[in-house]
1. What full-extension length gain, to one decimal in nm, is calculated for B:Thr100 and B:Phe42 as 0.36 nm per residue of separation minus the Cα-Cα distance?
2. Could you tell me how many degrees, from 0 to 90 and to the nearest 10, lie between the Cα long axis of helix B:28-40 and the main elongation axis, the longest principal axis, of the Cα atoms of chain B?
3. Can you pull out the GluC sites (Glu not before Pro) in the range A:61-103 that DSSP calls coil and that have at most 14 other Cβ atoms within 10 Å?
4. Between A:Ala52 and C:Lys105, what's the calculated FRET efficiency when r is the beta-carbon distance and R0 is 56 Å? Round to 0.05.
5. Testing the spin-label approximation: label points 7 Å from Cα along Cα→Cβ at C:Ser25 and B:Lys13. State their distance in nm.
6. Which residues' amide hydrogens lie under 5 Å from the amide hydrogen of A:Leu98, considering only partners 5 or more residues apart or on another chain, with H built in the peptide plane?
7. Only helical DSSP H runs with n ≥ 4 go in: add -39500 (n - 2.57) per run for chain C, normalise by residue count and round the 222 nm mean residue ellipticity to 500 deg cm²/dmol.
8. Ranked by Cβ crowding within 10 angstrom, fewest neighbours first, how are A:His29, A:His6 ordered?
Amino acid sequence: MSKVLHLVNKSPSERNALDSCLRLAQAGHSVLLIEDGVYGALVNTTTAGNIAQRIKEIKFYVLGPDVDARGLGEMPLIEGMGIVDYEGFVDLVTEHHLTQSWL
Amino acid sequence: MEPWEEHEPEVVKRFMYVNRRPPHGTIYALECLEVVLIAAAFDQDVSMVFLDDGVFQLKRGQDTAAIGMKNFSRTYGALDDYDVEKIYVEKESLEARGLTADDLVIPVEVLTTAALREVMAQQDVVISS
Amino acid sequence: MAYDYNGTLVEHDEEGYITDISLWSPELALLIAEDENIDMNDDAWEVINFLRNYYEEYQIAPAVRVLTKAIKKKLGADKGNSRYLYEMFPYGPAKQACKIAGLPKPTGCV
């Protein structure tokens with residue numbers, strides 16, 4: 001079975017990249033939120049439910065440096081969300097057979 | 001070897017180009033189309049997907065004369081000559097925009113989200129624009 | 001850089017493709033063909049006209065493989081084959097013929 005890593009770098013309240021990604025991602029895939037995509041990891045937002053709904057079948061990660069850069073380090077993130085650094089980012093890419101960016 | 005002799009590529013990979021943006025507000029759509037036409041020259045297995053606002057790229061009847069831009073909606077008609085035959089459009093994206101396949105400049109394969117999910121996961125490389 | 005015919009200057013890029021395709025004329029084509037050492041007989045004109053029609057319809061200058069296939073579809077296998085076209089345009093039927101036809105360099109030409 002193929003394993004796909006989806007990259008989302010747009011805020012879910014600005015663009016539909018995360019929505020479309022979640023619509024087309026399959027169970028067993030992974031999603032990594034980077035750059036402005038990390039806003040999607042916050043709880044108590046209008047979009048948080050979309051990730052929470054899929055978190056049992058899709059593994060979600062957020063890029064730590066992008067979280068810190070935006071002053072979100074102390075904020076609660078959606079439960080089950082993994083945090084990776086740049087090294088972890090590279091590991092994720094190599095662990096998946098295909099990486100798909102949602103620009 | 002003479003210039004008119006063709007040679008077979010050693011490795012054929014599946015390249016999928018995903019279009020999610022409308023045609024003229026940004027350069028993404030035109031650039032993607034150009035990349036696809038160039039990639040097609042390398043005899044790879046190339047497909048294009050149009051979803052979200054990307055379906056507007058294929059809308060019939062575009063007339064760009066007054067905005068001074070190239071009307072590249074006509075170039076999609078050349079994809080068949082370039083042997084790019086797999087053109088997928090997401091059914092849900094069309095419907096959400098009040099469009100049907102009849103509104104599009106070329107014949108396409110309309111796929112449901114579920115079917116498109118399968119096709120996407122079978123690719124070797126997915127390139128977004 | 002410009003072509004000069006009858007005192008009219010038509011700008012071209014460093015490879016000889018004219019920069020404003022609306023300035024093309026059959027007379028200019030003859031001048032470019034002379035530069036390229038191409039004999040503009042009826043067969044050559046047929047290819048040039050084919051390319052111009054293709055561009056008009058699809059807004060694109062086709063790569064050589066595509067041109068060959070499209071000509072084959074329209075004019076038959078006698079003309080839609082690489083050998084016939086390369087003999088007429090030795091430096092590449094798409095590249096050279098596009099230049100004479102006043103079109104941009106073909107898309108997907110490697």
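Coordinate-derived values only; no laboratory data. Since we're looking at a predicted model, the values are computed, not measured. All Cβ positions, glycine included, derive from the backbone under ideal geometry; neighbour counts span all protein chains shown.
1. 17.6 nm
2. The two axes meet at around 20 degrees.
3. For GluC sites (Glu not before Pro) across the range A:61-103 that sit outside H, G, I, E and B with at most 14 neighbouring Cβ atoms in 10 Å, the list reads A:Glu74, A:Glu79.
4. E(calc), rounded to 0.05, equals 0.60.
5. 5.0
6. So A:Leu98 has HN proximity to A:Lys3, A:Leu5.
7. -15000 deg cm²/dmol
8. A:His29, A:His6
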